[in-house]
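Structure in C-alpha cells, see below.
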Amino acid sequence: MSAEFGTDATTPDSRYEFDPDLPLRPVAHGTSVVVRGDSAAAPGDLALRLLSPVPRNAGGTLLIDTDDTSRRTADRWTELTDASASRLAVVSCDGGRAREPDELGAGVCVSGPDDLTGLGIQYSKLARSFTEGPRGRLRVGLDSVSTLLMYADDVQTVYRFLHTFTGRLRSTGQLGVFVFNPEMHDQRVASVVTQPFDAAVDVRLADDGTREVRVSGLSDQPTEWTPV
C-alpha cells in the first residue's frame, strides 16, 4: 500500500511562528514534529495550537483527522484557537457519513484510517487549493499516527507512509505536526514510526494538573519540562 502525493505547494520564505502563549520558538519551513503524550495530556489539543496560523492571516491549516468527524474537528479548532475555520481544511476518515461544516475552508473524506493512498491523494488536492489560493502558506497535521497503526497491516506500512509524507512536506516547505500516543504501543513500534520526524514535542500532565512540554531534536527550544 503506497501513498500518492502531488507537487503542488510553494515553499514559504520565512519560519513558522507559534502562539505567543506557547514556549516554542519559530521553526524552519519544511520541519515535521511529532507531538507525543498520553490521552490525559491531550497531545491532539496541543497539535491544534501548533497548527494555528501565526499571524492569523498567515496561511492555512490542513488536518487529517483519523478519529473525529469534520464537525467535531471544526468545533475543537474554534475552541482551542482564535483562527477562523475558513482557514482550516479537514480530511476525515468517516467514509462520508457526516456532513461537512459550511464554515470550513474545505472538507473531504476517505473510507477509513486504513486508506493511506486515499489520505495522500486528498492531502495533495487540498494542499494545492490552499497554497494556490489566498491562504498561501500551509501547516499540515495528522491526528493520529496511533490510529493509523491500529488499522495498518504492520508498522512498516505506516513508516513508509510517514516517510513519504514528511519528505513531501520538507520539499514543499510546509510545517508538519503529527500526534502520537506512545502509551498505546511498545518501544520498538514507537522507535520505528517516529524516525521520519525532525523533532519531538513531548507533553505531559503535571501533578498540579497543568500541562508541560519539552522539545528534542531542535535547537533553541525548551529541553526541560516547561508549563504551557
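The values are calculated or read from the model by the stated rules, or taken from the named source; none is laboratory data. Treat the numbers as computed from the prediction; the structure is a model and nothing was measured. A quick note on method: Cβ atoms are made from the backbone with ideal geometry, for glycine too, and the neighbour counts reach across all protein chains shown.
Between a first residue in the range 49-77 that is more than 15 Å from Gly176 (Cα to Cα) and a second residue that is assigned to a strand (DSSP E or B) and among the hydroxyl-bearing types (Ser, Thr, Tyr), which pairs have beta carbons less than 6 Å apart while being 6 or more apart in sequence or on different chains?
Hits for this filter: Thr69/Ser92; Ser70/Ser92.
Say we look at the range 167-177 and pick out the residues that are crowded, with 23+ Cβ neighbours inside 10 Å and touching a Ser or Thr at 6+ places or on another chain (Cβ under 8 Å); which of these is farthest from Pro43 (Cα to Cα)?
Leu169
Condition test on Leu88, is it more than 18 Å from Val203 (Cα to Cα) and either modelled with pLDDT of 95 or more or buried (at least 24 other Cβ atoms within 10 Å of the Cβ) (or both)? So that I can check it myself, show each step before the final result.
Working: more than 18 Å from Val203 (Cα to Cα): yes; either modelled with pLDDT of 95 or more or buried (at least 24 other Cβ atoms within 10 Å of the Cβ) (or both): yes.
So Leu88 fits the description; yes.
Which of the residues spanning the range 190-228 are of a type in the set (D, E, K, R) and in contact with a strand residue (DSSP E or B) (Cβ under 8 Å, 6 or more places away or on another chain)?
Filtering the range 190-228 for residues of a type in the set (D, E, K, R) gives 198, 202, 204, 207-208, 211-212, 214, 220, 224.
Hits for the range 190-228 are Asp198, Asp202, Arg204, Arg211, Glu212, Arg214, Glu224.
Identify the residue in the range 99-134 that is among the hydrophobic types (A, V, I, L, M, F, W, C) and touching a helix residue (DSSP H, G or I) at 6+ places or on another chain (Cβ under 6 Å) and, among all such residues, is modelled with the highest pLDDT.
Looking only at the range 99-134, we keep the residues that are among the hydrophobic types (A, V, I, L, M, F, W, C), and these are 104, 106, 108-110, 116, 119, 121, 126-127, 130.
Checking the rest, the ones that are also touching a helix residue (DSSP H, G or I) at 6+ places or on another chain (Cβ under 6 Å) come to 104, 106, 108, 110, 116.
Values: Leu104: 84, Ala106: 87, Val108: 90, Val110: 94, Leu116: 97.
The qualifying residue modelled with the highest pLDDT is Leu116.
Still on this model: What number of residues within the range 173-210 satisfy the criterion of being in contact with a Pro (Cβ under 8 Å, 6 or more places away or on another chain) and closer than 10 Å to Ser146 by Cβ?
Here the count works out to 4.
Looking at Ser111, is it outside any strand (DSSP E or B) and crowded, with 19+ Cβ neighbours inside 10 Å?
It is false that Ser111 is outside any strand (DSSP E or B) and crowded, with 19+ Cβ neighbours inside 10 Å.
Give the range 193-213 a look and list any residue that's touching a residue at least 60 places away in the same chain (Cβ under 8 Å) and over 10 Å from Ser32 (Cα atoms), or say none. I'd like the intermediate steps shown before the answer.
Step one: of the range 193-213, the residues touching a residue at least 60 places away in the same chain (Cβ under 8 Å) are 194, 196-205, 211, 213.
Thr194, Val201, Asp202, Val203, Arg204, Leu205, Arg211, Val213 - these are the residues of the range 193-213 that are touching a residue at least 60 places away in the same chain (Cβ under 8 Å) and over 10 Å from Ser32 (Cα atoms).
Mind checking which residues of the range 46-63 are among the hydroxyl-bearing types (Ser, Thr, Tyr) and more than 10 Å from the chain's Cα centre (by Cα)?
Let us first name the residues in the range 46-63 that are among the hydroxyl-bearing types (Ser, Thr, Tyr), namely 52, 61.
Across the range 46-63, the qualifying residue is only Ser52.
Across the range 194-210, what is the total count of residues that are under 19 Å from the mean Cα position of the chain (by Cα) and under 21 Å from Ala40 (Cβ atoms)? Break it down into steps so the answer makes sense when it comes.
Here is the first cut: in the range 194-210, the residues under 19 Å from the mean Cα position of the chain (by Cα) are 194-204.
Filter once more, keeping what is under 21 Å from Ala40 (Cβ atoms): 194, 200-204.
Summing the residues that are under 19 Å from the mean Cα position of the chain (by Cα) and under 21 Å from Ala40 (Cβ atoms) in the range 194-210 gives 6.
Consider Tyr159 carefully, then state whether it is at pLDDT 95 or above, in contact with a Gly (Cβ under 7 Å, 6 or more places away or on another chain) and surrounded by 15 or more Cβ atoms within 10 Å (Cβ to Cβ). Break it down stepwise before answering.
Working: at pLDDT 95 or above: yes; in contact with a Gly (Cβ under 7 Å, 6 or more places away or on another chain): no; surrounded by 15 or more Cβ atoms within 10 Å (Cβ to Cβ): yes.
Against the criterion (at pLDDT 95 or above, in contact with a Gly (Cβ under 7 Å, 6 or more places away or on another chain) and surrounded by 15 or more Cβ atoms within 10 Å (Cβ to Cβ)), Tyr159 does not qualify.
Taking Ser70, is it in contact with a Pro (Cβ under 7 Å, 6 or more places away or on another chain) and either among the basic types (Lys, Arg) or surrounded by 19 or more Cβ atoms within 10 Å (Cβ to Cβ) (or both)?
Taking the combined requirement at face value, the residue satisfies it.
Another question, if that's okay. Going through the range 149-165 one residue at a time, which ones are among the aliphatic types (A, V, I, L, M) and more than 13 Å from the chain's Cα centre (by Cα)? Lay out the reasoning, then the answer.
So the first thing to find is which residues in the range 149-165 are among the aliphatic types (A, V, I, L, M), and the list is 149-150, 152, 155, 158, 162.
Leu149, Met150, Ala152, Val155, Val158, listed by residue number.
Can you find a residue in the range 194-207 that is crowded, with 16+ Cβ neighbours inside 10 Å, within 25 Å of Thr69 (Cα to Cα) and modelled with pLDDT of 95 or more?
Looking through the range 194-207, at least one residue is crowded, with 16+ Cβ neighbours inside 10 Å, within 25 Å of Thr69 (Cα to Cα) and modelled with pLDDT of 95 or more.
Assuming Ala190 fulfils every condition listed in (1) surrounded by fewer than 19 Cβ atoms within 10 Å (Cβ to Cβ); (2) without any contact (Cβ under 8 Å) to a residue 12 or more places away in the chain; (3) not hydroxyl-bearing (Ser, Thr, Tyr) apart from one, which condition is it?
(1)
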